[in-house]
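Computed from the coordinates by the stated procedures, all read-outs in this text should not be read as laboratory data. Just so it is clear, the structure is predicted and the values come from calculations on it, not from any experiment. FYI the Cβ positions are ideal-geometry reconstructions off the backbone, even for glycines, and counts take in every protein chain you see.
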Amino acid sequence: MGKVSLAESVVNEMYEHDWFSQWLGIERIASGKGTSVLKMIIRKEMLNGFGIAHGGITYSLADSALAFASNSHGRKALSIETSISHTESLKEGDIITAAAKELSISNKIAVYEVTVRKEDQQVVALFKGTVYRTSKEWFPGEVEQ
């Protein structure tokens, strides 16, 4: 795959067809085996009736980080269970970052933790996701680097 890692190639392929993540304005900061760091800005149309970010916004950012991290080994993975705890509210203009890390991985199941933070590093959401790892490869024949 040249100088681009398998993880980066998978994330590039996924993001190219991920219209929702693109609509959210997600910026990809880092991709690696079992990890993903994403960043976005809270926009006015993301606010609920209380004038704060809808809970689905941080959930969606964390879910995208889970997707990219769990597929980074080159095998297609799909979430089977997720949960989130919202610890702080967000307002328009807040910049948030989601960092996913792999907690456990086996042949068929992997578990991830995603922490969502504001620019000042304050934790605003904690997300946990479990994925099913299929036997299908993103790029058949490519060896994980």
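Excluding same-chain neighbours fewer than eight residues apart, the lysines reachable from residue 101 by a Cα-Cα span under 27 Å are 3, 33, 39, 76, 91, 118, 128, 136.
Our coupling estimate for the stretch 71-88, obtained by passing each phi through the Karplus curve with A = 6.51, B = -1.76, C = 1.60 and θ = phi - 60°, is 8, 5, 7, x, 9, 5, 10, 10, 5, 10, 7, 9, 8, 9, 10, 8, 9, 8 Hz, Gly and Pro reported as x. Under a Gaussian network description of the chain, with springs only between Cα atoms under 10 Å, the residue in 18, 120, 63 that fluctuates furthest is 120.
Which net charge results when you count Lys and Arg as +1 and Asp and Glu as -1 among the other residues whose beta-carbon is under 10 Å from that of residue 76?
Residues near residue 76 contribute +2 overall.
Between residue 45 and residue 27, the simple spin-label model (points 7 angstrom out along Cα→Cβ) gives 2.0 nm.
Computed from point charges on the beta carbon alone (+1 for Lys and Arg, -1 for Asp and Glu), the dipole magnitude for the stretch 30-125 about its Cα centre is near 360 Debye.
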